[in-house]
Amino acid sequence: MLYDIAVIGGGAAGLTAAIYAKKQQPQLNIAVFEALDRVGKKLITTGNGRCNITNRYADVSRYHGGVVNLFEKTFSEYSVDKVVAFFGEIGIDVVFEDDGRAYPRSYQASSVVDALRFAALENGVEIICNCKIADIEKGKVFTLKTNSATYNAKTVIAATGLLSGGKSVGSCGSFYELLKSKGVKGEKLTPAIVQIKTSNDITKQLKGIKLNADVSLLLDGKRARKEFGEVLFTDYGLSGPPILQVSRAVERENGDKKISLDLLPEYNFGGLCDILCERRKNLSKRTNDNFLTGFINKRVGQVILKLCNIKLTDAVSNLLDSDIKNIANILKKFEFKAVGTTGFANSQVTAGGISVSELYDNLECKKIKGLFLAGEVVDIDGDCGGFNLQWAWCSGMLAADSATKLLRDQI
Ligand SMILES: Cc1cc2nc3c(=O)[nH]c(=O)nc-3n(C[C@H](O)[C@H](O)[C@H](O)COP(=O)(O)OP(=O)(O)OC[C@H]3O[C@@H](n4cnc5c(N)ncnc54)[C@H](O)[C@@H]3O)c2cc1C
């Protein structure tokens, strides 16, 4: 069998590409080759099982890597509205929440996988599971090789993802390495949207506590990114949505990296000192261990007092003005040295990938004509919030249109 389009990888981008191509050109023979025993295994885990399918505010500012060259074309032609319409046609009603995040109305990631799988089969896309493509050669047509079989195709769309989420969901990076071995340039891979390991034992003492904070990532002392939200202290370091959102630079950038928490962003330093002086007056009969009780989390308050070398058993009335300033300083700048992340398996996306300089703006590989790339395998990653799936869907659509156009032009 000579396929018109062989799609390698039955994840978000690959399934979309196959369905989209088949809907435009029903006469084409299209197959999806998936290494695992089922398609969409990672998709089922997305959005804590709810699948944050896209985001109303997807624009260039939410993406990283080699974005600029590719962004304009892909995102203007394959917009969030187009993605929503595509899912509507295959049975997924997309609902938007106030912050722009979108989900299937069922709030079930499994329903998204079902819809994609049904749509592929109804439209006549062949799905071949347990089929890991180990090599690809380009002669007159493409030859795709597994360890035991060979397939031929006129065009190929590779949507093989990278390393995030771990091997159980198909993330192995082997196809990326294969392309690199064929001279296609790749950008360094690092985990992003991931928990951050910190160097001190304070987070261990505060393990399990969640609180809202302004989270800043400091690179060599300069703020590189700021996000607000709920931070979770853990035995290895810090987690929670704003931590995941600022994590990208931790393994990617050199130099000193710190996470700074502003636990009371609603007050400036002077205002906070005034409040603490007022508390010193009102609570003068208490001991320091309860000085911050009722103002911030009790255990966090006590740890901060200890960091200021304040004896917890002393009387509040004895706190010096310099103590008040030290406390206010840590409440506004609770700093942790970032020493790493919890790694690819725990990350939601991989930063880096096949360099966009290796691709034309229709996602065709310059060095291997007829091969198109889509999804995470390309050096584009988005913020947390539905942006990565939006990239997977829209790059899948673009790769599909580009491959079908090439086939049309060849006739
Ligand atoms: C826990 C978790 C939660 C997430 N939640 C969200 C979310 O809510 N919203 C969001 O926008 N993003 C989320 N993401 C990110 C999002 O899932 C990915 O960006 C997206 O799935 C990438 O799509 P893809 O098709 O490029 O790759 P994948 O979905 O990883 O699919 C690649 C497929 O290719 C197969 N494959 C690999 N190599 C080969 C080979 N050689 N031969 C054959 N098959 C191969 C793999 O088995 C896999 O099925 C989350 C990620 C994780 C890990």
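Below are the figures for this structure:
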| quantity | calculated |
| --- | --- |
| Matching option when the condition is away from the ligand (no atom under 16 Å from the Cβ), closer than 18 Å to residue 348 by Cα and either surrounded by 16 or more Cβ atoms within 10 Å (Cβ to Cβ) or modelled with pLDDT of 95 or more (or both), among 237, 183, 208 | 237 |
| Residue check, residue 316 touching a residue at least 40 places away in the same chain (Cβ under 8 Å) and in the same structural domain as residue 233 (by TED's automatic domain parsing) | no |
| Of all residues in the range 224-245 being among the hydrophobic types (A, V, I, L, M, F, W, C) and part of a strand (DSSP E or B), the one that is farthest from the chain's Cα centre (by Cα) | 233 |
| Matching residues in the range 152-162 - criterion: being within 9 Å of the ligand (Cβ to nearest atom) and over 10 Å from residue 8 (Cβ atoms) | 161, 162 |
| Residues (of a type outside the set (Ser, Thr, Tyr) and surrounded by fewer than 19 Cβ atoms within 10 Å (Cβ to Cβ)) located in the range 190-201 | 200, 201 |
| Test for residue 225: is it more than 16 Å from residue 327 (Cβ to Cβ), touching a Leu at 6+ places or on another chain (Cβ under 6 Å) and basic (Lys, Arg) | yes |
| Unmet requirement for residue 22, which otherwise passes all of (1) crowded, with 22+ Cβ neighbours inside 10 Å; (2) within 8 Å of the ligand (Cβ to nearest atom); (3) not hydrophobic (A, V, I, L, M, F, W, C) | (2) |
| Qualifying residue in the range 341-361 (condition: within 13 Å of the ligand (Cβ to nearest atom), on the phi < 0 side of the Ramachandran plot and of a type in the set (Asp, Glu)) | no |
| Flag for residue 371 being at pLDDT 95 or above and buried (at least 24 other Cβ atoms within 10 Å of the Cβ) | yes |
| Which listed residue is surrounded by fewer than 17 Cβ atoms within 10 Å (Cβ to Cβ), more than 14 Å from the ligand (Cβ to nearest atom) and at pLDDT 95 or above, from 85, 119 | 85 |
| Enumerated helices (runs of 4 or more DSSP H) restricted to the range 39-145, each holding at least 3 residues that are of a type in the set (Gly, Ala, Ser) and not assigned by TED's automatic domain parsing to the domain that holds residue 168 | none |
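The values are calculated or read from the model by the stated rules, or taken from the named source; none is laboratory data. The structure presented is a predicted model; accordingly, all values stated were derived computationally and were not measured. Backbone-built Cβ (ideal geometry, glycine too); neighbour counts: all protein chains shown.
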